[in-house]
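K.L.:
Sharing a structure with you now.
The values are calculated or read from the model by the stated rules, or taken from the named source; none is laboratory data. All values derive from a computational prediction rather than experimental measurement. Here the Cβ positions follow ideal geometry from the backbone for every residue, glycine too, while neighbour counts run over all protein chains shown.
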């Protein structure tokens, strides 16, 4: 089995877990603001940051790295959901919400990723 | 609020897994073809946003009932696109300076919006033009 094929299996398994987490969180979504979508994106970015930092000094095989990063973190977060909300606010001409959603997602996901890097450093 | 059930979990997670496979294939292929490592995730995000726009216009669906919506929207398209990959690529771009990250995020968001609009409005335009 080639390395690529083996990685696909690990990514698939991780993405099943990530997607499950995302769907479970999204079932608690409110009508007024997509807090749960924001939360899963922050958590996914934080998890990705933790694994990326942890793997700098600790030996984790590339398959397991892909399982965690491309699978679990990638499956949990969604860029399409973020863009969809932007477009919905745009169609409703809710410009304040556009700015708020854009800033909240980018700033909080950056903060989540940086916090993940910090946690990963602690775990080293 | 969505109602959680076995069908939603089955189709959503299966779609998510398949979407992630496409994303990983995109990242793997672009990393072998080009030195621009960030192209893989960017291409996956653009394709996902375009598909979403097309899909939302093509099908008027109810998330609780339609299996196709659960599979494509909550599963495959969400699994294909990624925000965490965007930040990982952004972090790798730090060696090129902070402005490279801002440019990369701006390009990612802008292309995502354009791709979604192209899928959503392009389908309407094409459909009207053909009639």
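K.L.:
Considering only the range A:8-16, I want to know if a residue exists there that is out of contact with any helix residue (DSSP H, G or I) (no Cβ under 7 Å at 6 or more places or on another chain), modelled with pLDDT of 95 or more and either surrounded by fewer than 23 Cβ atoms within 10 Å (Cβ to Cβ) or under 20 Å from residue B:80 (Cα atoms) (or both).
P.N.:
Residues of the range A:8-16 out of contact with any helix residue (DSSP H, G or I) (no Cβ under 7 Å at 6 or more places or on another chain): A:9.
Now narrow it down to the ones that are modelled with pLDDT of 95 or more: A:9.
Now restrict to residues that are either surrounded by fewer than 23 Cβ atoms within 10 Å (Cβ to Cβ) or under 20 Å from residue B:80 (Cα atoms) (or both): A:9.
Yes, the range A:8-16 contains at least one residue that is out of contact with any helix residue (DSSP H, G or I) (no Cβ under 7 Å at 6 or more places or on another chain), modelled with pLDDT of 95 or more and either surrounded by fewer than 23 Cβ atoms within 10 Å (Cβ to Cβ) or under 20 Å from residue B:80 (Cα atoms) (or both).
K.L.:
Does residue B:119 count as more than 7 Å from every other protein chain (Cβ to nearest Cβ), buried (at least 19 other Cβ atoms within 10 Å of the Cβ) and at pLDDT 90 or above?
P.N.:
Details: more than 7 Å from every other protein chain (Cβ to nearest Cβ): yes; buried (at least 19 other Cβ atoms within 10 Å of the Cβ): yes; at pLDDT 90 or above: yes.
It is true that residue B:119 is more than 7 Å from every other protein chain (Cβ to nearest Cβ), buried (at least 19 other Cβ atoms within 10 Å of the Cβ) and at pLDDT 90 or above.
K.L.:
Please specify each residue of the range A:19-34 satisfying the condition of being in contact with a helix residue (DSSP H, G or I) (Cβ under 7 Å, 6 or more places away or on another chain) and more than 19 Å from residue B:7 (Cβ to Cβ).
P.N.:
Result: A:34, single match.
K.L.:
Any chance you could count how many residues in the range A:54-75 are at pLDDT below 95, closer than 21 Å to residue A:111 by Cβ and either surrounded by 22 or more Cβ atoms within 10 Å (Cβ to Cβ) or out of contact with any helix residue (DSSP H, G or I) (no Cβ under 6 Å at 6 or more places or on another chain) (or both)?
P.N.:
The number of residues fulfilling the criteria is 1.
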